[in-house]
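Below is one structure, written out as structure tokens; the observations come after it.
The values are calculated or read from the model by the stated rules, or taken from the named source; none is laboratory data. Note that the structure is a prediction, hence the values are computed from the model and not measured. Virtual Cβ from ideal backbone geometry, glycine too; neighbours counted across all protein chains shown.
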Amino acid sequence: MDKQEIIKALSAEDFSPYYEEADRLCRLHKGNIIDMRAIIEFSNVCARGCTYCGLNVNCNVERYQMSEEEIKETALKAIAAGYKTIVLQSGEVPNTNVLTLGRVSALIKAKGAAITISCGELSREELVYLKEQGADRYLLKHETADEELYRRLHPDGTLTNRLNTLRDIKALGYETGSGFMVGLPGQTVETLAEDLLLLKEIGCDMAGIGPFIASPNTPLAGEKNGDPEMTKRAVAIARILLPKANLPVTTSLGVLSDAERRKAFSCGANVIMKKVTPDEYKDKYKIYPADIPPINIEKDRADIIKMLAEIGKKGV
Ligand code: SAH
């Protein structure tokens, strides 16, 4: 699909032919399997001022940083519960403690699980080091392909830098994840088409596409939330453009609507991420407002498997 075709599809009154094609491609390449990933949000310390994010440097939130032991313990619990991928996510700080991340990655690797890192724009040297320690995947969403909008939302960064880091990630042999938000203030359907084509240009192995949720205490508080229907449409087109990619149903879609989250698994999505961050920290990692029930790694995993079974999918 080219840009005009994508714009036409996203705006179509009847999108069902695209949903059907996305579901067909997903079944063809992924069967009825949904990959379940455990995400540990190990620190909310952040030096950047991304205007949509509830953890940005100007937000008055209590900051935390899990110790290396705590991160390892949480990862081991998630692996023991059956998770095969551990996602390590945090805010972005200059001079990230990559030694800790490296040791955690080596441990996870030794236990036979895969590691995804999502800690913002690391340097090439840091990326090389983490790859050597066993990190398999890196998730760095481009957030928006519109350069002007990117500049407005990110006082501390440029789209060029973000894309250069993504190119490093790809060149170093990581499974590369990008993605974007749907419904950012100022975004148009043309932007969304560019976002989708950029995923293809980067050569993404995975892409997280989720609705924007207005976060209090940020410059975008009070803005309209992204539209779940448009989010599902974007996921479906991503599946058509990148038939073999891993496409998660984002947590933000689930926050807006549990029903829509379920439906997304029939629109091309094949991955779900579940928070396993310890209870004492979980409420402090609030990128956007969300009610997070107490975390019970084993039970939560069993509940997801049950939910997936109800819609004919097998969570692994
Ligand atoms: N610091 C890391 C991790 C960011 S948090 C990095 O910069 O990559 C993970 C993702 O949450 C972001 O990439 C963004 O797409 C999403 N996000 C942040 N604020 C959001 C909001 N208000 N609504 C919806 N998604 C948001």
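For Tyr52, the conditions (1) in contact (Cβ under 8 Å) with a residue 60 or more places away in the chain; (2) loosely packed, with under 15 Cβ neighbours inside 10 Å; (3) farther than 19 Å from Asn95 by Cβ all hold with the exception of (2).
Matching residues to (1) closer than 17 Å to Tyr288 by Cα; (2) in contact with a strand residue (DSSP E or B) (Cβ under 7 Å, 6 or more places away or on another chain):
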position	(1), (2)
Ser16	no, no
Val45	yes, yes
Ala75	no, yes
Ala80	no, no
Tyr83	no, yes
Gly91	yes, yes
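Filtering region 197-213 to residues that are out of contact with any helix residue (DSSP H, G or I) (no Cβ under 7 Å at 6 or more places or on another chain), more than 15 Å from the ligand (Cβ to nearest atom) and in contact (Cβ under 8 Å) with a residue 24 or more places away in the chain leaves only Asp205.
For region 95-111, the criterion of a residue being within 11 Å of the ligand (Cβ to nearest atom) and not hydroxyl-bearing (Ser, Thr, Tyr) is satisfied by no position. Annotation note: Cβ proximity below 9 Å between a residue of region 86-114 that is more than 27 Å from Gly54 (Cα to Cα) and a residue that is part of a loop (DSSP other than H, G, I, E, B) and modelled with pLDDT under 95 (sequence gap 6+ or interchain) occurs for no pair. When the residues of region 66-95 are filtered to those that are crowded, with 21+ Cβ neighbours inside 10 Å and polar (S, T, N, Q), the one that is farthest from the chain's Cα centre (by Cα) is Thr74. Would you say Leu139 is more than 17 Å from Phe212 (Cβ to Cβ), within 12 Å of the ligand (Cβ to nearest atom) and either aliphatic (A, V, I, L, M) or modelled with pLDDT of 95 or more (or both)? When the stated conditions are applied, Leu139 passes them.
Residues that are surrounded by 16 or more Cβ atoms within 10 Å (Cβ to Cβ) and basic (Lys, Arg) within region 104-153 comprise Lys109, Lys131, Arg137, Lys141, listed in sequence order. The residues on offer are Pro248, Pro243, Pro216, Pro294, and the sole one that is more than 16 Å from the chain's Cα centre (by Cα), under 27 Å from Val45 (Cβ atoms) and touching a residue at least 60 places away in the same chain (Cβ under 8 Å) is Pro216.
Which helices (runs of 4 or more DSSP H) sit wholly inside region 191-285 and have at least 3 residues that are closer than 22 Å to Ile304 by Cα and of a type in the set (A, V, I, L, M, F, W, C)?
The helices (runs of 4 or more DSSP H) meeting that bar are 251-256.
Tell me whether region 275-284 contains one or more residues that are within 15 Å of the ligand (Cβ to nearest atom) and of a type in the set (A, V, I, L, M, F, W, C). Checked against the condition, which is being within 15 Å of the ligand (Cβ to nearest atom) and of a type in the set (A, V, I, L, M, F, W, C), region 275-284 yields no hits at all.
If you filter region 176-196 down to residues that are in contact (Cβ under 8 Å) with a residue 60 or more places away in the chain, more than 9 Å from the ligand (Cβ to nearest atom) and buried (at least 17 other Cβ atoms within 10 Å of the Cβ), you find that the one that is farthest from Gly268 (Cα to Cα) is Glu194.
Residues that are among the polar types (S, T, N, Q) and more than 18 Å from Asp227 (Cα to Cα) within region 1-21 comprise just one, Gln4. Kindly evaluate Gly203 against the criterion of being buried (at least 23 other Cβ atoms within 10 Å of the Cβ), modelled with pLDDT of 95 or more and touching a Ser or Thr at 6+ places or on another chain (Cβ under 9 Å). Answer is no for this residue.
State whether one or more residues within region 35-52 are more than 15 Å from the ligand (Cβ to nearest atom) and of a type in the set (A, V, I, L, M, F, W, C). Yes.
In region 1-41, the residue that is surrounded by the fewest Cβ atoms within 10 Å (Cβ to Cβ) out of those that are of a type in the set (S, T, N, Q) and over 19 Å from Arg262 (Cβ atoms) is Gln4. Between Val271, Val235, Val255, the distinction of being under 15 Å from Ile39 (Cα atoms), buried (at least 18 other Cβ atoms within 10 Å of the Cβ) and among the aliphatic types (A, V, I, L, M) belongs to Val271 only. Scanning region 133-153 for residues that are among the charged types (D, E, K, R) and free of Cβ contacts under 8 Å to residues at least 24 places away in the same chain gives Glu147, Glu148, Arg151.
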